[in-house]
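The values are calculated or read from the model by the stated rules, or taken from the named source; none is laboratory data. Model, not experiment: these values are computed from the prediction. All Cβ positions, even for glycine, are placed from backbone atoms using ideal geometry, and neighbour counts span all protein chains on display. Ligands, DNA and RNA are stripped out before the accessible areas are found, and what is left, the full protein with its side chains, is counted by its heavy atoms. Shrake-Rupley method; radii C 1.70, N 1.55, O 1.52, S 1.80 Å.
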Amino acid sequence: MIAEQSRRDFIENLGKGGAFLLGFSFLPARSLAKAGEEVAASFEPNVFVSIEPSGKVNIVCHFSEMGQRVRTSVGQVIADELEADWKHVNVVQAMGDEKYGSQNTDGSRSIRNNLPRLRKAGATGRVMLEQAAANRWGVDVSECKAELSEVVHAKSGKKIGFGALVADAAKLEVPDQDSLKLKDRKDWRYIGKAVDSVDDAGVVQGTNVFGQDIRLDGMKYAVIARPPVVFGKASSFDASKALAVAGVERVEELPVLEGNAGMKPVGGIAVIAENTWSAIKGRRALEIEWEDGANATYDSEVYRKELEEAVKGPGDVLRSEGDVDAALASSEKRVVRDYYMAHLAHATMEPPAAAATPRGEGVEIWTSTQNPQAIQQNGPGYLGVKQEDIVVNVAFLGGGFGRKSKADFALEAAWLAKKIDGPVKVVWTREDDIRHCYYHSCNAQRFEAGIDKEGKVTALLARSAYPGISSTFNSAAENPGSFELDLGFKDNAFYVPHMRLENPKAKGHVRIGWLRSVCNIFHAFGAQTFADELAAELGRDPKDFLLELIGPDRDIDLTQTKNPYGNYGDTIERHPVNTGRLSHVTREAAKMAGWGRKLPKRRGLGVAAHRSFLTYVATVMEVEVSESGNVKVVGIWTAADAGTIVNLDAVNAQCEGGAIFGISCALGEITAKAGRIQQSNYHDYLVARMAETPITSEVKVIESDAYPAGVGEPATPPAAPAFCNAIFAATGKRIRSLPIGNQLRA
């Protein structure tokens, strides 16, 4: 079991067939209840903090690092409340273990859901160290205060380092968590500051170990021929030619699960070899007859037409205010627009990879995962082992974006390790990743607005149709899950007296998964492009009209929506949908960009604003479009209000990276013919290259003492509409369908 494995045991296990991960610490924290001779050598007030006699402070990060600096941020929070000197802090990576609570590094919630408990983790250690010092000096604890890895006695000026107090503090009772006094905001030492990433040096030096870097003694390499049509299967195969390839040792067929696999593997034929190249060559030599199954007829272009037809008719009413039909009928002017967005892939720089080896009755896994617990939870039914016998070690991730929160690639490695009774690494090629992804859903939207004689929008009818993530887990699903419809659709922020939002039915034909900012991507594209279109229709300045459409500062009442509004898992009392904050970031982004300035010919500014993951972001983008239709992004200006933040540099970086990711969302496209994905690599699945990234990028983070919100995803949704609105301002050409493709050359 994970909780029983000490650091010493872990290193010993590595020597018996594991990998010593340079620059990457695994230190499972243990409870004081199990303290023995080994534990007495350090002070561990909880699963997140361990202080050694040397004064070294080990802080456990239970989330996964994929460039968002969560390891640094977790370290900042705990070190601040602990009053540890940052130069003595070492951040170590947690293994998959339910004792940490949720380890799912997804949904921009690592900090916003954990800030109070992480602060208490640090404060617990501080209080116990102060008590240990007070006991040693024979003084009242109120006279003792921790400062920068020392405890200071205020009256005498005596000081003692944390390391010297380890043995004494380890004997104390852990204080009641509700009685802890946390630091005042004004006394924060690290929280809210720009602290350098603890992982930068390892990235530069090449010592940080990613999933594709993992090596185990005696390890074999496997690549898998997966069904070309999702949920298909091999009806027969001939492995003789594959086995004739030098280095290939065996071929194994993975099990095919009944029904939708969810997060589990979809089957396939694995070629196991001495090295990756032999395995790839062996896979090419396989002769397989595929039974394509129910999704063999999937044609994404035909399906697009079905979705576009669906939004012309009624759907499930999700939110209704006023009398839309009457208001539209009596309006002076009606504007109807349709929008479409194609499937997208995560296309992370590092394709999935996982290594595994048998451990007793169970299996031990090393992988770049966003959610080690998902592997443990999905493993028993697939592997035939107990959940507690699945050990998961978390490596660095070369990008995640939601793809690596799935368990499939890790379970492939685990199943093969059990099958061959030895260590094996499953390597996904780029082509595997693009063609066997959990895709971002395609989407069609229709917006219809009624405008009165004064040019005011009095009615809004919006429909959004798309296959939901729910279809990946339930093939009978015909509508997205309620939480998906919450993401930028049900919480429409426009100030329109008559509004109705509808969702027509749509079934899935590929695996749909969550991708950075999920449904907010296409919902922001539709709503913010439509706002820009209405401004053009009325001859209004787009920024001024958007602010008018958002309307007066208020909290939007979403109590009457179909199914309760999920609010990203938080309460509406803590995080109301507030239009004042949305308007504020819009004004700030416009000010940063110098909105209204005179621009050269074929240059334009576009604006978009959106709330997602409880954070408010506005983006202004400036583009230059050549006569031949080539687009250059001159600048991006982003204003973000994420409430209380932990690492200023990380928030700035996430806003910059999120905006560039949003540009990629306007460029990339996944299509299918006869159920088969047509794209395979970066040459035909486009992401933003250097030419499409901004010359200038500026971010303003709004200072706030509001509850913390998410920062990893919210800058992505407004980027694509701001991009396309800027193209319109530069050329007069309106982009209503993504990807942009050759529309500017038409």
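Taking square-rooted eigenvalues a ≥ b ≥ c of the alpha carbon gyration tensor, is the stretch 606-657 rounded, prolate or oblate, where a/c under 1.5 means rounded and, failing that, a/b exceeding b/c means prolate? Prolate, because a/c is 1.5 or more and a/b exceeds b/c.
Give me the 1.4 Å probe accessible area per residue for the stretch 88-141, excluding ligands and nucleic acids, in Å².
Details: 1790 Å² over 54 residues.
About 33 Å² of surface per residue is accessible.
For the cross-link pairs LYS264/LYS425; LYS406/LYS490; LYS312/LYS543; LYS505/LYS733; LYS87/LYS193, the ones whose C-alpha atoms lie over 23 Å apart are LYS406/LYS490; LYS312/LYS543; LYS505/LYS733.
Residues with beta-carbon under 9 Å from that of ALA353, excluding ALA353: net charge, scoring Lys, Arg +1 and Asp, Glu -1? List each step's numbers first, then the result.
Numbers: positive: LYS425; negative: ASP213, GLU350.
Net local charge, ALA353 excluded: -1.
Note on the stretch 79-188: with charges restricted to the Cβ of Lys and Arg (+1) and Asp and Glu (-1), its dipole about the Cα centre is near 220 debye. The Cα atoms of the chain give a gyration tensor whose axes a ≥ b ≥ c have a/c of 1.5 or more with a/b no greater than b/c, which makes the shape oblate.
Using a Förster distance of 35 angstrom, determine the FRET efficiency expected from the C-beta separation of SER102 and GLU703, and round it to 0.05. Please list the in-between numbers first.
Working: r = 29 Å, r/R0 = 0.83.
The formula returns an efficiency of 0.75 here.
Centre-to-centre, using Cα atoms only, the stretch 596-631 and the stretch 573-589 are separated by 20 Å. In this structure the stretch 339-493 gives 24 Å² per residue of accessible area when probed at 1.4 Å with all protein chains present. Charge dipole of the stretch 139-186 (Cα centre as origin; +1 on each Lys and Arg Cβ, -1 on each Asp and Glu Cβ, all else neutral): 280 debye, rounded to the nearest 20. Span-like helix check, the chain: no full DSSP H segment qualifies, none having both a Cα axial length of 30 Å or more and a mean Kyte-Doolittle of 0.0 or more. When the accessible area of the chain is computed with all protein chains present and a 1.4 Å probe, what percentage of it is carbon and sulfur? Within the chain, the accessible surface is 49 percent carbon and sulfur. Residues whose amide H comes within less than 5 Å of that of ARG319, counting only those at least five positions distant or on another chain, are LEU501, LYS562 (H built at 1.01 Å from N in the peptide plane). With a cut-off of at most 10 other beta carbons within 10 Å, and DSSP calling the residue loop, which GluC sites (Glu not before Pro) in the stretch 450-507 qualify? Please list them. Answer in residue order: GLU454. Extension gain for the segment GLU332 to LYS193, taken as residue separation times 0.36 nm less the Cα-Cα distance, is 44.8 nm to one decimal. Averaged over residues, the count of other Cβ atoms within 10 Å places the peptides 537-549, 170-182, 313-325 in the sequence 537-549, 313-325, 170-182, highest first.
What does the charge add up to near HIS498, with Lys and Arg as +1, Asp and Glu as -1, over the other residues with Cβ less than 12 Å from its Cβ?
Every neighbour counted, the sum reads -2.
Label separation (SER235 vs ALA674): 1.4 nm, computed from points 7 Å beyond Cα along the C-beta direction.
Extension gain LYS155-TYR682, at 0.36 nm per residue separation less the Cα-Cα distance, in nm? Display every interim value, and only then the final one.
Values: separation 527, 0.36 × 527 = 189.72 nm, distance 6.59 nm.
Value of the extension gain: 183.1 nm.
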